[in-house]
1. Just add up the charged neighbours of L36: K/R +1, D/E -1, any other residue whose Cβ is under 14 Å from the Cβ of L36.
2. Could you estimate the translational diffusion coefficient of the chain from the Stokes-Einstein equation, with Rh from the Kirkwood formula over C-alpha pairs, at 37 °C and 0.692 mPa s, in whole µm²/s?
3. What do you get when you divide the Cα radius of gyration of region 44-111 by 2.2 N^0.38 Å, with N the number of residues?
4. Please work out the average accessible area per residue across region 26-111, using the 1.4 Å probe convention, and give it in Å².
5. Identify which of I112, I20, I92 has the largest mean-square fluctuation in a Gaussian network model of the chain, with springs joining Cα atoms closer than 10 Å.
6. For region 51-146, run through the chymotrypsin sites (Phe, Trp or Tyr not before Pro) and keep only the ones in DSSP coil with at most 11 other Cβ atoms within 10 Å of their Cβ.
7. Using the Cα centre as the reference, give the magnitude of the dipole from point charges on the C-beta atoms of region 1-74 (Lys, Arg: +1; Asp, Glu: -1; all else neutral), rounded to the nearest 20 debye.
8. Computing the accessible area with a 1.4 Å probe over protein heavy atoms, can you report the carbon and sulfur percentage for the chain?
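The values are calculated or read from the model by the stated rules, or taken from the named source; none is laboratory data. Note that this is a predicted model, so its numbers are computed, not measured. Virtual Cβ from ideal backbone geometry, glycine too; neighbours counted across all protein chains shown. Just so you know, the surface numbers come from the protein's heavy atoms only, side chains and all, with ligands and any DNA or RNA stripped out. Shrake-Rupley method; radii C 1.70, N 1.55, O 1.52, S 1.80 Å.
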Amino acid sequence: MTKAIYPGSFDPVTLGHLSIIERAAETFDEVVVAVLKNDSKQPLFSVSERVSMLEKVTSHIENVKVLHFEGLLVNFAKECGVNTIVRGLRAITDFEYELQMAQTNKALSPDIDTVFFTTDVEYSYLSSSTVREIAKFGGEIDKFVPKSIISKVYDKYK
Ligand code: PNS
């Protein structure tokens, strides 16, 4: 059985993330979406909110489960019995950071590899921070995030 882990902050999940999850779920038998709980960052959504939003928007995909983790990703991947990390690549600007992260993870745990899915062109400019910025100033985010979470994002800025 092939397994992969798709880690991220998902603050909030975007349509770009969802596209990567759907495509990873077609490629691997099981995909663990792993939400980082990072106490040194002040996220917009708590880790439990991010997990429950992801559960909701992936409920149509049978072979996806959503968990959260703290600390090193490679340790969590091992706990889950996974040795493939999935990441999305939007543009060349992502490449340096992603390469550094993949190589660091490989140095920490040589049996773990990272595979990249190129983001759909229509989402190549999209990020959670852009969504937060637009929502903060009352702009429309319906093209960027799954329908079920639109009001949750606006609610954070009320
Ligand atoms: O969505 P993001 O914020 O780009 O995701 C980054 C994430 C969560 C994948 C990365 O920060 C991470 O894996 N953090 C856990 C700590 C870790 O393992 N660091 C070593 C690899 S650089």
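1. 0
2. Working: Rh = 16.0 Å.
It diffuses with D of about 205 µm²/s by this estimate.
3. On the way: Rg = 14.0 Å, N = 68, 2.2 N^0.38 = 10.9 Å.
My calculation over the Cα atoms of region 44-111 gives 1.28.
4. Details: 5100 Å² over 86 residues.
That works out to 59 Å² per residue.
5. Per the Cα network of the chain with a 10 Å cutoff, I92 tops the list.
6. Working: sites: F69, F76, F95, Y97, F116, F117, Y123, Y125, F137, F144; in loops: Y125, F137, F144.
In loop regions of region 51-146 (DSSP not H, G, I, E or B), the sparsely surrounded chymotrypsin sites (Phe, Trp or Tyr not before Pro) are F137.
7. Numbers: 7 positive and 10 negative charges, 28 e Å.
It comes to approximately 140 debye.
8. Working: 4510 of 8710 Å².
Carbon and sulfur atoms account for 52 percent of the accessible area of the chain.
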